[in-house]
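The values are calculated or read from the model by the stated rules, or taken from the named source; none is laboratory data. Nothing here was measured: the structure is a model prediction, and the numbers come from that model. Neighbour counts are summed over all protein chains in view; Cβ atoms, including those assigned to glycine, are modelled from backbone coordinates with ideal geometry.
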Amino acid sequence: MSNKWKLFWAASLGFVMLFQACVNSWEELIISLEDEKNMGKDFDGLVRSGNSEVMQPGESIFTPQTGNQEQIAFYQYYQDRAREIVNAIDQKDWDALLPSGYTKNNFFEFKIINSTQVNAFAVPGGYVYFYTSILKQFQSESELMGVLGHEVGHVVKHHSRQGMVKQVGASTVISIFLGDGIGGLIGTLGAQFWLLDGSRENELEADEMGFYYTNKIGISSSGLSTFFSRGFETDAQGNCIDSKSSLTDLLSTHPPSCERVKENNKRIEKSGQNPQTHPINKNTNPSFTQLRDAAGI
Ligand SMILES: [Zn+2]
């Protein structure tokens, strides 16, 4: 090999190593972690101000009423469970998630929205939203934790960024955002994009993360299965039948799928989880459902 080629390969290798050290995907070269955080922060501003692009009539941010001990206790419980999931995130994922100026303690924000929609969603930069109507549907702490883990998984895996890039291209995303801000992005991608759910691959990956976190924490990962199973019925052959259930809103953005339930059950079986190591309700005094019902949610 001539010296010229040696130099070329050394330079190429150097570039690849530099690339790997600085960014975690090519998309991040154009949409930085700071950009993602700013998009999420701006989106959250629209939610908080009740902007009609992202909030339906009658929807508002839920905050515990001053002096209402039951609501305060439930809200604290919700924040504590979310924190448990956040604490289960691997270091390598944090390295690909935190923009400068943020820490593991202040990156994620978990909100509740008063709404009749049965849904939960996450936007870039660590903003996670649960509608009150989905909280009403959960029958155990495991169901809450499974969906919390799933939404955190979307953020950790940058699924919104991937989806945006797929729809309009990374440089278009960033030029719209820098030009017209979050309103421009919502206009281009459609509000539904943000209350998303994405591709089958992304859903399965988020489910996998939900399993991973619940398994690591020591709570049953069966919640995702039991919750999603209520969204459809199966015939004698085990095929999904769409049923008109109260999960309609959720299922329009999180496609109902026997596959997801089957995959989750397979993971649980492989892990050897049992009710002693991974109970369905870990915090039982008071339990999730008791706290929620007392809070009037
Ligand atoms: Zn999802």
Looking for whichever is among the small types (Gly, Ala, Ser), modelled with pLDDT of 75 or more and in contact with a Leu (Cβ under 8 Å, 6 or more places away or on another chain) here; the options are Gly231, Gly210, Gly218. Which one fits? Gly210
Being within 14 Å of the chain's Cα centre (by Cα), crowded, with 17+ Cβ neighbours inside 10 Å and part of a helix (DSSP H, G or I) is the filter here; which residues of segment 82-92 pass it? Ala82, Ile85, Val86
In segment 96-189, which helices (runs of 4 or more DSSP H) lie fully inside it and hold 2 or more residues that are within 16 Å of the ligand (Cβ to nearest atom)? 132-137, 141-156, 159-168
I need the helices (runs of 4 or more DSSP H) fully contained in segment 190-229, keeping only those with at least 3 residues that are within 11 Å of the ligand (Cβ to nearest atom) and either touching a residue at least 24 places away in the same chain (Cβ under 8 Å) or touching a helix residue (DSSP H, G or I) at 6+ places or on another chain (Cβ under 7 Å) (or both). 200-217
I'm trying to understand the selection: among the residues of segment 135-146, which are closer than 22 Å to Ile72 by Cα and surrounded by 24 or more Cβ atoms within 10 Å (Cβ to Cβ)? Glu141, Ser142, Glu143, Leu144, Met145
